1. Out of the residues in segment 13-39 that are under 30 Å from V84 (Cβ atoms) and surrounded by 13 or more Cβ atoms within 10 Å (Cβ to Cβ), state the one that is nearest to the chain's Cα centre (by Cα).
2. Within segment 171-197, take every residue that is more than 16 Å from P154 (Cβ to Cβ) and out of contact with any strand residue (DSSP E or B) (no Cβ under 7 Å at 6 or more places or on another chain) and give me the one that is farthest from the ligand (Cβ to nearest atom).
3. For segment 127-170, name all the residues that are of a type in the set (F, W, Y) and in a helix (DSSP H, G or I).
4. Tell me which residues, restricted to segment 151-170, are of a type outside the set (S, T, N, Q) and within 14 Å of the ligand (Cβ to nearest atom).
5. Where the second residue is aromatic (F, W, Y) and crowded, with 16+ Cβ neighbours inside 10 Å and the first is more than 11 Å from V84 (Cα to Cα) and lies in segment 124-139, which pairs have Cβ atoms under 6 Å and are six or more apart or on separate chains?
6. Quick one: how many residues across segment 56-76 are within 14 Å of the ligand (Cβ to nearest atom) and touching a Ser or Thr at 6+ places or on another chain (Cβ under 6 Å)?
7. May I ask you to verify whether A146 is surrounded by fewer than 21 Cβ atoms within 10 Å (Cβ to Cβ) and either within 23 Å of S74 (Cβ to Cβ) or of a type outside the set (V, I, T) (or both)?
8. Across segment 71-92, what is the total count of residues that are in contact with an Asp or Glu (Cβ under 9 Å, 6 or more places away or on another chain) and either over 22 Å from S137 (Cα atoms) or in a helix (DSSP H, G or I) (or both)?
Amino acid sequence: MKSIENLQWRYATKKFDNYKTLSTDQLETLVQAFNLTATSYGLQPCRLIVVQNQEVKDAMVEKAYGQRQVADASAVLVLCTKNVDVDYVNEYFELVKKIRNTPDEVLKPFKNQLTQSFSQKQQDEVDQWSKNQAYISLGNLMTVCAQERIDSCPMEGFLPDQIDELLGLKKQGLKSVLLLPVGYRAQDDMFSKMEKVRRPQQEMVQYV
Ligand SMILES: Cc1cc2nc3c(=O)[nH]c(=O)nc-3n(C[C@H](O)[C@H](O)[C@H](O)COP(=O)(O)O)c2cc1C
């Protein structure tokens with residue numbers, strides 16, 4: 001039941017306590033959770049930017065339609081996508097070889113299949129696939145936050161181009177997809193006291 005208790009505890013925090021900060025260890029746990037997230041083919045087409053600088057967080061507010069969470073949270077995790085091309089796929093296989101010592105002839109069929117597949121994909125398709133991976137990281141991070149009793153607010157409500165410009169992401173080949181402010185809920189955040197709104201479980205799930 002602990003998992004359910006944790007998921008009941010979490011909520012999309014609307015007001016953070018701007019006096020409370022997460023420790024380096026807490027942030028490190030989130031960073032590791034991000035990097036341990038499973039991704040399609042293991043290609044990890046995402047990157048994480050951890051924003052703690054107050055001036056930068058303040059500047060994010062207007063780019064997030066005035067949502068104050070980004071300024072008041074201890075840190076804002078910016079989930080980004082990185083473009084995946086054939087070179088990137090090749091690099092991945094070099095990494096597998098280095099870490100697992102897997103012989104080339106074992107890797108070759110999978111490597112050929114992936115490089116062929118990515119060279120044939122339209123850019124839109126690759127972008128959508130990469131974004132899907134960022135959402136898996138978001139889910140994983142939110143769950144780990146709940147386990148660690150760290151408050152968070154998943155956010156799609158922001159202007160990605162402007163956030164990219166603020167953080168200098170374009171020149172690194174990155175695009176922001178999601179924000180996750182993390183920290184501690186303010187005692188007077190009225191949303192923390194509200195009942196969860198969810199459809200009845202029997203409507204949502206079928207057993208076959
Ligand atoms: C992908 C995604 C994007 C969201 N974007 C925002 C947002 O921009 N601002 C916000 O206050 N909440 C945002 N939310 C929070 C949802 O409104 C919230 O998770 C939902 O109402 C369920 O409530 P709960 O998370 O408190 O249980 C987002 C949630 C998700 C999963």
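Since every read-out is calculated from the coordinates, none of them should be taken as a lab result. The model shown is predicted, which means the values in this text are computed figures rather than measured ones. Note that we place each Cβ from the backbone using ideal geometry, even for glycine, and neighbour counts take in every protein chain shown.
1. F34
2. K171
3. Residues satisfying the conditions are W129, Y135.
4. D151, C153, P154, M155, E156, G157, F158, L159, P160, I163
5. Final answer for the pair search is S137/F34.
6. Summing the residues that are within 14 Å of the ligand (Cβ to nearest atom) and touching a Ser or Thr at 6+ places or on another chain (Cβ under 6 Å) in segment 56-76 gives 0.
7. Numbers: surrounded by fewer than 21 Cβ atoms within 10 Å (Cβ to Cβ): yes; either within 23 Å of S74 (Cβ to Cβ) or of a type outside the set (V, I, T) (or both): yes.
In short, yes.
8. Number of matching residues: 2.
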